[in-house]
Every structure is written in C-alpha cells, then in structure tokens.
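The values are calculated or read from the model by the stated rules, or taken from the named source; none is laboratory data. Just so it is clear, the structure is predicted and the values come from calculations on it, not from any experiment. Cβ placement follows ideal geometry from the backbone for every residue including glycine, while neighbour counts extend to all protein chains displayed. What goes into the accessible areas is simple: the full protein's heavy atoms, side chains included, and nothing from ligands, DNA or RNA. Shrake-Rupley method; radii C 1.70, N 1.55, O 1.52, S 1.80 Å.
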Amino acid sequence: MATQETAALATAGSWRSLQPALSSSILTALESTLGFPTMTPVQAAAIPLLLTHKDVAVDACTGSGKTLAFLVPAIELLRRRERPLGLWEVGAIVITPTRELARQIDAVCTQLLRAVAEADSGTRPAFVHMLLVGGTDTVADQDQFAQHGANIVVGTPGRIEAIMASTPAFNVRELELLVMDEADRMLDMGFERSMTTILARLPKQRRTGLFSATQTRAIQDLIRAGLRNTVRVRVS
C-alpha cells in the first residue's frame, strides 16, 4: 500500500476556500448557526481528501477539531449521492473507543444535522442518525434500528459489531465513509478483534478516515488492513 505524506497548513482559512466546495446549506450551518467562521488545520487538510475519494490517516489529538473534520465530509458525501439512502441503509459509521466520546460525537452530529436541515428549509430529507454504545439494552438498539433505521451510526466497537451481526436490516452495502476515531486507544483497550470483524463486513468501495494521536506498529497494521492508497496528515 502506497502512503503519501501530507502536512496540514499552519493556518486554516474560511470554509468557503475548500475545494471541492461544500454545499451552501452546510456552509450556512457551520458559519451562521454553529458559529465556526474558519477551519482548524486538521479540517482544512482532511476534508478535501475525504471528499475526493482518498483514504486518510490523521495524526491529531483531542481538541484539534477532528470531529467536524469527519462529520462534515460524512454529511456532504451522503448529500451528493445520486440516489438518496433508504431508511435502513447506513452511509457513514463513526467508531470510537468510549461511550463518553461516542456521546460527544453524536451530540455534535445532532447539532450539525439540525443546523443543515434549518438551512435547507425542509427542501431535502434529513438523515437519521443513531448512537450505539455499551451499557444499554442491545435488544432495544435492535428494535430502534428496525423501527427507525439510521443513515449515520456513531458508537463503540463492541456494540456496533453486535448490532451488525444480530440485525439483518443493518444494511452497509451503500456505506460511503468509515471513521475510526482515536484508533490508538481502541487498540490499547483490546478492540482489535471487533475492529477486524467490522472491517470484514464493510464494502471495500468506501472512504476511510483513521484518526490517532500516536503511530504504533498496531496502528500501521490497522492502516494496511482497513485503508487503501492512504494519505497521511500530520497536525502539529
């Protein structure tokens, strides 16, 4: 697998400087509703790559703005589809090591989707999203997905693996983007088997973003197993 080295810009500009350009509703949501007039370096580096069919391995720590660095392209990619996703078609999966972090990401996803829907003024269908974490009833999660579906899933490795295995309606054939956030922590916490199982169930024609604060041999192995033609982004 060929790996390129890409350094993030020391300073980041306006969201409107991105190429390819974001849709007007996402720009309005970010700038006006959520109050983010400019990008962080990790957002400026990762978003264009994910929007242009690249797999990305990002070295970035918590607090760098990486949540929007993967949620923005996830929503943009789903909006660009020629055929809208069905209720039970999962278009984006974000896997993260802890319940607390998954809940934080899901809260940002809720805010961003709501802001985009307001900017759209009801002219586009809203995406359904779902949080899947341990410590809750697995059967309840199965029932919720069966009833309401989900186009964007945020969760922890063990629960996502369990729902994928036990819920026939969980359709990942149209998956656009897989995100592995804090991948180094997931491996440190013993989730390697769950990650391998999840990767084996996903279509190979997808984009993948791996975000990690450290680079270890285990992370390199995960990159080789789950990413293709990877572009490395290092954020100081």
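Scanning segment 185-192 finds no residues that are of a type in the set (A, V, I, L, M, F, W, C), surrounded by fewer than 22 Cβ atoms within 10 Å (Cβ to Cβ) and closer than 26 Å to Leu113 by Cβ. Candidates are the residues of segment 145-155 that are of a type outside the set (A, V, I, L, M) and either surrounded by fewer than 17 Cβ atoms within 10 Å (Cβ to Cβ) or farther than 14 Å from Gly86 by Cα (or both); the one that is modelled with the highest pLDDT is Gly155. Looking at segment 90-134, which of its residues are under 27 Å from Leu199 (Cα atoms) and among the hydroxyl-bearing types (Ser, Thr, Tyr)? Residues satisfying the conditions are Thr96, Thr98, Thr110. Give the residue that is nearest to Gly209 (Cα to Cα), with candidates limited to residues of segment 25-44 that are assigned to a helix (DSSP H, G or I) and of a type in the set (S, T, N, Q). If we take residues in segment 25-44 being assigned to a helix (DSSP H, G or I) and of a type in the set (S, T, N, Q), then Gln43 is nearest to Gly209 (Cα to Cα). Note on segment 156-181: residues that are of a type in the set (A, V, I, L, M, F, W, C), part of a helix (DSSP H, G or I) and open to solvent by 10 Å² or more (accessible area, probe 1.4 Å) amount to 3. From the list Thr196, Thr136, Thr208, the lone residue that is out of contact with any strand residue (DSSP E or B) (no Cβ under 9 Å at 6 or more places or on another chain) and not in a loop (DSSP other than H, G, I, E, B) is Thr196. Here is the figure for segment 95-109: residues that are open to solvent by 70 Å² or more (accessible area, probe 1.4 Å) and of a type outside the set (S, T, N, Q) total 3.
Looking at the structure I just gave you, is Ala57 in contact (Cβ under 8 Å) with a residue 12 or more places away in the chain, under 16 Å from the mean Cα position of the chain (by Cα), assigned to a strand (DSSP E or B) and at negative phi? So Ala57 passes the test. When restricted to residues that are surrounded by 15 or more Cβ atoms within 10 Å (Cβ to Cβ) and farther than 18 Å from Gly149 by Cα, segment 80-94 contains 0. Only residues that are under 21 Å from Val72 (Cβ atoms), open to solvent by 60 Å² or more (accessible area, probe 1.4 Å) and of a type in the set (S, T, N, Q) were counted across segment 199-224, and they come to 0. Residue count for segment 81-112 satisfying the condition of being in contact (Cβ under 8 Å) with a residue 24 or more places away in the chain and not in a helix (DSSP H, G or I): 16.
The number of residues in segment 87-132 being at pLDDT below 95 and over 19 Å from Ser24 (Cα atoms) comes to 1.
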